[in-house]
Amino acid sequence: MEKARPLWASPLQFVFACVSYAVGLGNVWRFPYLCQLYGGGSFLVPYLVMLVVEGMPLLYLELVVGQRMRQGSIGAWRTISPYLGGVGVASVVVSFFLSTYYNVINAWAFWYLFHSFQDPLPWSVCPVNGNRSGYEEECEKASSTQYFWYRKTLNISPSIEESGRLQWEPALCLLLAWLVVYLCILRGTESTGKVVYFTALLPYCVLTIYLVRGLTLHGATNGLLYMFTPKVEQLVNPKAWINAATQIFFSLGLGFGSLIAFASYNEPSTDCQKHAVIVSLLNSCTSVFASVVTFSIYGFKATFNYESCVNKVILLLTNAFDLEDGFLTADNLEQVKAYLSSAHPGKYGEVLPQMRNCSLKSELDTAVQGTGLAFIVYTEAIKNMEVSQLWSLLYFCMLLLLGVGSMLGNTAAILTPLTDSAAVSRRLPKEAIAGLVCLVHCAVGLLFTMEAGNYWFDIFNDYAATLPLLLIVLVETLAVCYVYGLRRFESDFKAMSGRGLSWYWKVMWAGVSPLLIVGLFVFYLSDYILTGTLQYQAWDATQAHKSPSGCRPEKQLC
Amino acid sequence: MAKAALSGECIFPPGLPCVFHSERMLWPFFFLVAAIHAELCQPDGENAFKVRLSIRTALGDKAAQLLWSLQKVSCKLSDEWLNCPWGSSIKAKFSPLLCLFLCIYFRYAWDSNEEYLFKAMVAFSMRKVPNRETTEWHSSSCKFVTEVLFSSTIGISHVLLCNVTQRVSFWFVVTDPLKNYTLPAVEVESAIRMNRNRINNAFFLNDQTLEFLKIPSTLAPPTDSSVPIWIIIFGVIFCIVIVAVMLLVLSGIRQRRSSFPFQSQEHSIPKYLKGKPWKLVVNW
């Protein structure tokens, strides 16, 4: 008996599903970092060029393949050519890796969310040490937010070799994260279609609230000016263009098979060209929007730290020279310092080593990305805001929504081929398949909850998806254009949707995009080869900061 | 002294000077006492503590913020009258009345009255300490004498301040009412620590803005409830999610079971009609 393929209840659900998959944590924590590194406002130029040249065509290609073949990635590629089923399998395997480590971020977001109900926030104060004479040493040396992240959340070990024990708290949060994902996917498009309304729209609400709050914070303009001041010389830096291309590529989630899966649940007559353009534009706009929010918060944090530093210097000088309280201000500090160094050189010399050089620029220059940005820098800014519990709640809810939205796509990429395959779907109902998939992921994901889990996370984050995806998308493009034949594909498309293919897409698919991907692939491969021994940053509890730790040659991890 | 007692000899101390009743002799006596007292209170002296106040940091900021948000009004009169030192450093001009109000309400200048209050607070803290007993060998009566220092005898005159700077910082000592020496630092420290909160409140300051330099402040004990809050919230959300999953799974199973009788009908549809759109079947 033939079962009708489940469909999205409306094209809007499909668009929301794609948007909630594409708009993920990378928009919030990777794009602002790249923007800062590669010239602020001028980074938008390579970014938009790459969007038009690489992002939109490849996104459209995947949507068309999915909609035409009406199967998950394995079935779709096998239909294109019986020898290309491996592309689909590769997509599923990469999605498996991604899902395993991506949901750990959701687990951490849950952990912080649950801890946001305390007053004061646990990462805003250092815990008192055993005999109540002072604060914990590790916390004093680092900051309270870093201590909470490295010691209380991760309980990180000094190196990747020391795996330590399974931490039951993150493990519970991981279990909860997978239960939530299971809840959203267990009925297929029926349940996913409803969840994506929330995961696509609510993050925008929270980002808007944060935008308003961020722009009204003291010092926000410093951050925004710093970010958006274009450094035009970065336009000739090839790394800026390569990073723009990479960011577009991974931000849209190409090559995982999720887009093919989502599109396969479409009505054949859906206009996916419009959807492709909308989704890719929305994704880029969200990145820029999120970076405005991030930089206003950066500016606030940097200004706060700078002013604290200046106040510390003022206090030091006031106490050392018994000056009148309030006489020294930020405005006259330099003049008074000059006067004191000339009038009382001996005493000034004693005080000088304790005085730090406070610089707003160096505070702003600390570019951070990834989990460090989300869980250390942002939490540090939040703890200094008024009603910090509310802001913390909002922020981690947003992270969760973004994360779960992306997870829906990742798991769809794995589930769709499984439910499509007759061998599996005949034996088990789709709830059971989804349950098994979530169970396996959860079990493997427990690796990331061990004490060395964050190091494993970094390895997966950096290396699990980059090269494989480039290869997969390259083969996809070449397969459609040259193996299946672009003309045949065009006629299929016309038969399916009743519309023709614009020349622009054909030129991009056949020529420009494959060349770009080959260029990226060659660059990354040579980068890996030339780097030699790979290094990772390990947390040193005695010094309370990160230090590079080389991999020993006999260990096969590197 | 102990040796002398064992041998049976008593060593009599030299006779104390007579007390003169003539009033003219009292003035040099006062000066002598003052001089001795001045010697007791010295910077880095024995049992002396340095105190540092940051009144403007604590109180001036609130007013300064208010002033900055009210846009530029003049303050020359109140500047001179109340000795508000901000006028010189803040370039904006403020209205006399407003500045007056803010100066009075928020801020106070450190003068002799504030010093009197400080001495009173320190004396108050020392009075709250239980009475001290000390046992000493008295050579005059050749026996051990227990002396009790009644805390209630400590008064304002026994707290000495010296070296007041513009910062505002000064040194203080607490002298023994009976004798002419300073009370041990340990006692003073424990007395101040126990009443730190009251002393801070008298001046609208806190541990960071009213610093006793050698007296560390006690950190607040960690408020740990028996069950961490996060576990409670985790439990609630976990239960909600489990219930929702169960409901969906059970309703899915029920749906499949109720649609089962229809599936046998599908088998009776002829093969050539399968896959054709529904419209065609109706027409046919």
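Rule-based calculations on the coordinates, nothing more; no lab input. Quantities reported herein were computed from a predicted structural model and do not represent experimental measurements. All Cβ positions, glycine included, derive from the backbone under ideal geometry; neighbour counts span all protein chains shown.
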For the range A:279-346, the spread of Cα positions along each principal axis, largest first, Å:
66, 20, 17
Once Rh is set to the Kirkwood radius over Cα pairs, what Stokes-Einstein translational diffusion coefficient, in µm²/s, holds for the range A:1-104 at a temperature of 4 °C and a viscosity of 1.567 mPa s?
78
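Hey, fewest Cβ within 10 Å first, where do A:Ile414, B:Ile192 land in order?
On the way: A:Ile414 28, B:Ile192 19.
Ranked by crowding around the Cβ, least crowded first: B:Ile192, A:Ile414.
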Starting from the 7 Å offset along Cα-to-Cβ, what nm value, one decimal, do you get for the label separation of A:Thr329 and A:Val424?
6.9
Tell me, what is a quarter of the convex hull surface for the C-alpha atoms of the range A:148-196, in nm² with one decimal?
4.9
With a Förster distance of 60 angstrom and the Cβ-Cβ distance between A:Arg487 and A:Asn311, calculated FRET efficiency to the nearest 0.05 equals 0.25
Alpha-carbon gyration tensor eigenvalues x 5, square-rooted, for the range A:199-330, Å
47, 18, 11
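All other residues with a Cβ under 13 Å from the Cβ of A:Tyr395 taken together, and with Lys, Arg as +1 and Asp, Glu as -1, what is their net charge?
Computed value for this residue: +1.
Express the Stokes-Einstein translational diffusion coefficient of the range A:423-558 in µm² s⁻¹, to the nearest whole number, given a Kirkwood radius over alpha-carbon pairs, 4 °C and a viscosity of 1.567 mPa s.
The estimated diffusion coefficient comes to 66 µm²/s.
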Note, the range A:491-506: 3J(HN,Hα) by Karplus (6.51, -1.76, 1.60, θ = phi - 60°), whole Hz, Gly/Pro = x, goes 5, 4, 4, 5, 5, 6, 10, x, 10, x, 9, 5, 4, 4, 5, 5
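Assuming R0 = 60 Å, can you tell me the calculated FRET efficiency for the pair A:Lys546 and B:His138, based on Cβ-Cβ distance, to the nearest 0.05? Mind showing how you got there, number by number?
Values: r = 68 Å, r/R0 = 1.13.
Once the sixth-power term is evaluated, E becomes 0.35.
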For A:Asp365 and A:Leu211 in one chain, what is 0.36 nm times their gap in residues minus the Cα-Cα distance, to one decimal in nm?
53.3 nm
Thinking of chain A as a set of Cα atoms, what percent of all their pairs are more than 29 Å apart?
58
Two-decimal Rg to Rh for the range A:243-393 - Kirkwood Rh, Cα set
1.25
Given 4 °C and 1.567 mPa s, compute D for the range A:384-484 with the Stokes-Einstein relation, Rh being the Kirkwood radius over Cα pairs; round to the nearest whole µm²/s.
75
Between the range A:169-211 and the range B:179-242, what is the C-alpha centre distance in whole Å?
41
Computed over the Cα atoms, what is the radius of gyration of the range A:324-421 divided by 2.2 N^0.38 Å, N being its residue count?
2.01
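Express the C-alpha Rg of the range A:319-375 as a ratio against the empirical globular expectation 2.2 N^0.38 Å, rounded to two decimals. Display every interim value, and only then the final one.
Working: Rg = 16.5 Å, N = 57, 2.2 N^0.38 = 10.2 Å.
Dividing the Cα radius of gyration by 2.2 N^0.38 Å gives 1.62.
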How much net charge surrounds A:Phe521 when only the other residues with a Cβ under 14 Å from the Cβ of A:Phe521 are counted, with Lys and Arg +1 and Asp and Glu -1?
-3
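Would you mind ranking A:Glu267, A:Glu476 by Cβ crowding within 10 Å, fewest neighbours first? Please list the in-between numbers first.
On the way: A:Glu267 12, A:Glu476 29.
The fewest-first ordering by Cβ neighbours comes to A:Glu267, A:Glu476.
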Compute the orientation-averaged projected area for the range A:24-158 from the convex hull of its Cα atoms and round it to one decimal in nm².
13.5
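Taking the number of other C-beta atoms within 10 Å as the exposure measure, put A:Cys35, B:Cys142, A:Cys139, B:Cys239 in order starting with the fewest.
On the way: A:Cys35 25, B:Cys142 15, A:Cys139 22, B:Cys239 10.
Lowest count first: B:Cys239, B:Cys142, A:Cys139, A:Cys35.
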In terms of Cα to Cα distance under 17 Å, which aspartates and glutamates are near enough to A:Lys312, apart from those fewer than 8 places away along the same chain?
A:Glu140, A:Asp322, A:Glu324, A:Asp325, A:Asp331, A:Glu334, A:Glu350, A:Glu363, B:Asp61, B:Asp207, B:Glu211
Find how many whole Å separate the alpha carbon centroid of the range B:119-158 from the alpha carbon centroid of the range A:296-317.
49
Along each of its three principal axes, how wide is the spread of alpha-carbon positions in the range B:166-247, in whole angstrom units, largest first?
84, 30, 19
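Can you give the Kirkwood hydrodynamic radius of the range A:80-131 from its Cα pairs, in Å with one decimal? Intermediate values should be presented prior to the final figure.
Values: mean 1/r = 0.0670 Å⁻¹.
Result for the range A:80-131, one decimal place: 14.9 Å.
Based on Cα coordinates alone, diagonalise the gyration tensor for the range B:112-228, multiply each eigenvalue by 5, take square roots, and list the semi-axes in whole Å, largest first.
On the way: eigenvalues 193, 93, 27 Å².
Rounded to whole Å, the semi-axes are 31, 22, 12.
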